Amino acid sequence: MSSAAQSSLRRQMLWYAVLDAEYNAILWNLITDRYTRWDDWFRMGIQLASGTTTLAAWSIWTHLPWAWKIISGIGSIAAVVHPRICPNDRLQRMSELVGTWKRIAVDFRRLWAQDSWLKDETSWSRFQKIEDDALKVDETRLPVSEKMKLKAAEQMLRSRGLPTDAVEEVIRGRRKKATASTYPS
């Protein structure tokens, strides 16, 4: 492979790595926000239900006994479902993923700014190290919906000024539409 072809391939690899890292940072931020919101709503519902039950004991609800019973029942169901949907360790892992992907994205962007063609062997070594860090990220057993993937890809493409019709390619890792002509200068 010629030096120019190798350099072009390295540039493309770095560009796709920048896009992947930014996409993942946005994706995990969206997912973390969603689950944190759900966690907050579950907690508020449980607190409301326990407060309602306490008020029922004060005879305030005597004319509407069914209302506090329904609220109390919903609170009990929420208390059982909440730890299954929003376990603390899952929320913590998601938050850590946001930070990890943001760091990786910043590292790739800095490398792009320094040597986007990765001509220097030090730059190439640095790229490989960052890429190895990205490969070590563990996203197993965490919920990711297709809707969130699409939203994250659209946000990333929009933030870069790239055509949003490349959303599916970002998600699937095929970037025929994010060609060399879309590289920032």
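The values are calculated or read from the model by the stated rules, or taken from the named source; none is laboratory data. Keep in mind that this is a model prediction, so the values were computed, not measured. Cβ: placed from backbone, ideal geometry, glycine included. Neighbour counts: every protein chain shown. For accessibility, only protein heavy atoms count, side chains too; no ligands or nucleic acids. Shrake-Rupley method; radii C 1.70, N 1.55, O 1.52, S 1.80 Å.
Only one of these is open to solvent by 30 Å² or more (accessible area, probe 1.4 Å) and more than 24 Å from L30 (Cα to Cα): E96, E121, E131. Name it.
On the way: E96 fails: more than 24 Å from L30 (Cα to Cα); E131 fails: more than 24 Å from L30 (Cα to Cα).
Just a single option satisfies the conditions, and that option is E121.
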Considering (1) open to solvent by less than 60 Å² (accessible area, probe 1.4 Å); (2) farther than 23 Å from T36 by Cβ; (3) outside any helix (DSSP H, G or I), say which one V167 fails and leave the rest. (3)
Matching residues, the range 70-93, being exposed (fewer than 15 other Cβ atoms within 10 Å of the Cβ) and under 21 Å from K136 (Cα atoms): D89, Q92
So is A105 open to solvent by less than 70 Å² (accessible area, probe 1.4 Å), of a type in the set (G, A, S) and either over 26 Å from T32 (Cβ atoms) or in a helix (DSSP H, G or I) (or both) or not? yes
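The rows are residues; the columns are (1) under 20 Å from the mean Cα position of the chain (by Cα); (2) open to solvent by 70 Å² or more (accessible area, probe 1.4 Å); (3) among the acidic types (D, E); (4) at pLDDT 90 or above.
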site: A5; (1), (2), (3), (4): no, no, no, no
site: L9; (1), (2), (3), (4): no, yes, no, yes
site: Q12; (1), (2), (3), (4): no, no, no, yes
site: W15; (1), (2), (3), (4): yes, no, no, yes
site: Y23; (1), (2), (3), (4): yes, no, no, yes
site: W38; (1), (2), (3), (4): yes, yes, no, no
site: L48; (1), (2), (3), (4): no, yes, no, no
site: G51; (1), (2), (3), (4): no, no, no, no
